[in-house]
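A short reminder: the numbers here are calculations on the coordinates, not readings from a lab. Remember, predicted model here, so these are calculated numbers, not experimental data. So basically every Cβ, Gly included, is an ideal-geometry build from the backbone, and we count neighbours across all protein chains shown.
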Amino acid sequence: MSTMIGLKCRECGRVYPKEVVFVCEYCFSSVEVEYDYDAIRRALTREVIASRPKSLWRYRELLPIEGDPTVGLFSGFTPLIRANRLAKALGVDELYLKDDSVSHPTLSFKDRVVSVALTRAKELGFDTVACASTGNLAGSVSALGARSSLNRYIFIPADLEVGKVIGSLIYKPNLVAVEGTYDDVNRLCAEIGSKYNWAFVNINIRPYYAEGSKTYGYEIAEQLGWRIPRHIVVPCAGGSLITKIGKAFKEFKLLGLVDGDMPTLYAAQATGCAPIVNTIRERSEIVKPVKPNTIAKSLAIGNPADGYFATKAVLDSGGWADSVSDDEIVEAMKLLGETEGIFTETAGGVTLGVAKKLIEAGRIPRNESIVICITGNGLKTQEPILSRVGAPVKIKASLASFESTLGERLAGEKCRA
Ligand SMILES: *Cc1c(COP(=O)(O)O)cnc(C)c1O
Ligand SMILES: [Zn+2]
């Protein structure tokens, strides 16, 4: 059974068949998937969802596919962690981390969007998939595409972190490093996409791809015991994830799966690339492109495709936005490691750093529930922290060397001999 009706323009509302359509031919806005919510309401209850395997496909009626899911059967349903030690450090009462740093198979939230995009690409008859990536998408399309026997053309900016490059090459895609920024890569891919009949997951099949992000929001609600948190801090690159988290809660409310107020959304970016944050803080509707310069490369999109919708989602929710410097990003990565034992990538440092700022500024109240979105893994972005985490203590292979070198520490931590 398919609950997907078709595609619909996000501006003028014109409808299109559920094929490869990504811009409205009348107003040039992007299009979005439309569902038959009455049919979904009949099929999808809390009990039905809870009875299914713990993957993002437990919400399949709310995802844009027609047959059975075929890609990413182990993706999604990552932990939602009550973070009491971090809460204490930030001076807040009720804090959660939605931890996609352990996403299967490639350790970032991109496994969600790619599972959906590739399942749909196969349904639409493509044998070649492609993407323009800031790093994590490259790894996920490479890996999930390998298992699906798809040809893969992956385009990245040439200056990516080694962990992201190796984390794609191991799956043997056609990896193309473009001299330029992500925005240059994206422009080139739009040109290539108009000539080659490939499924560019974040370009021509973007309407399907983007829906995968909703599962991040569904899981937060389900894992909170079918509750809506008050505040959610979300990292933004192209602005799709934050927009779709908003849509996820709207849909769950519409279907009666949760009740209560919509969450307040907060956008997090690096100061070196903050086009969405700037637009929100100016309460504007026009996103001004920037030239990125930040260690948070996975978020370094200067001309965000969904910047307008992300801004609208945040302001409509009563939320706000902020950015952090490279230094604050590293400090936040370390804070998360020390308090909660989670090694996040630079994007996670952005999100936590911004959450901390918004709490200190009184924008997020200390006594209400807060979710911080951790979307990627730190093993992929080691360069900026190499010189910032200290070094191991070196000793000779003897008890005497151990005790003479660590003597002070052993006494300080009152270790019993
Ligand atoms: C892609 C990405 C995001 C943001 O995604 P958008 O939907 O483009 O805003 C956030 N975190 C990480 C780690 C990412 O790779
Ligand atoms: Zn239109």
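Ranking C131, G163, G145 by how far each Cα lies toward the positive end of the dipole of region 96-170 (charges on Cβ) leaves G145 at the top.
The order of W320, W198, going from fewest to most other C-beta atoms within 10 Å of their C-beta, is W320, W198. Ordering H231, H104 by the number of other Cβ atoms within 10 Å of each residue's own Cβ, fewest first, gives H104, H231.
Assign unit charges at the C-beta atoms only (+1 for Lys and Arg, -1 for Asp and Glu), then state the dipole size of the chain relative to its Cα centre in Debye, rounded to the nearest 20. Mind dumping the intermediate values first?
Numbers: 51 positive and 48 negative charges, 120 e Å.
Rounded to the nearest 20 debye, it is 580 debye.
Can you tell me how region 110-211 classifies by the Cα gyration tensor, rounded, prolate or oblate, using a/c under 1.5 as the rounded cut? Don't skip to the end; give the middle numbers.
Values: a/c = 1.64, a/b = 1.23, b/c = 1.34.
Cα axes put region 110-211 in the oblate bin.
Work from the charge dipole of the chain (Cβ charges, +1 for Lys and Arg, -1 for Asp and Glu, about the Cα centre) and give the residue of A391, I65, T405 farthest towards its positive end. Sorting the options by dipole projection puts first T405. When only the Cβ of Lys, Arg, Asp and Glu is charged (+1, +1, -1, -1), the dipole of region 153-224 relative to its Cα centre reaches about 260 debye. Overall, region 191-266 carries a charge dipole of about 120 debye about its Cα centre when +1 sits on the Cβ of Lys and Arg and -1 on the Cβ of Asp and Glu, all other atoms neutral. For region 313-354 versus region 181-200, the inter-centroid distance based on Cα atoms is 30 Å.
Which shape class, rounded, prolate or oblate, goes with region 365-417 when its Cα gyration tensor gives a ≥ b ≥ c as root eigenvalues, a/c under 1.5 marks rounded, and past that a/b bigger than b/c marks prolate? Oblate. Which of these, T344, T45, T279, has the largest mean-square fluctuation under a Gaussian network model of the chain (Cα springs below 10 Å)? Checking each option, the largest mean-square fluctuation is seen for T45.
Judged by the mean number of other Cβ atoms found within 10 Å, the most tightly packed of the peptides 248-257, 90-99 leads the ranking 90-99, 248-257.
Ordered by the number of other Cβ atoms lying within 10 Å of each residue's own Cβ, fewest first, M262, M333, M1 fall into the sequence M1, M262, M333. The DSSP beta bridges internal to the chain are antiparallel in roughly 30% of cases.
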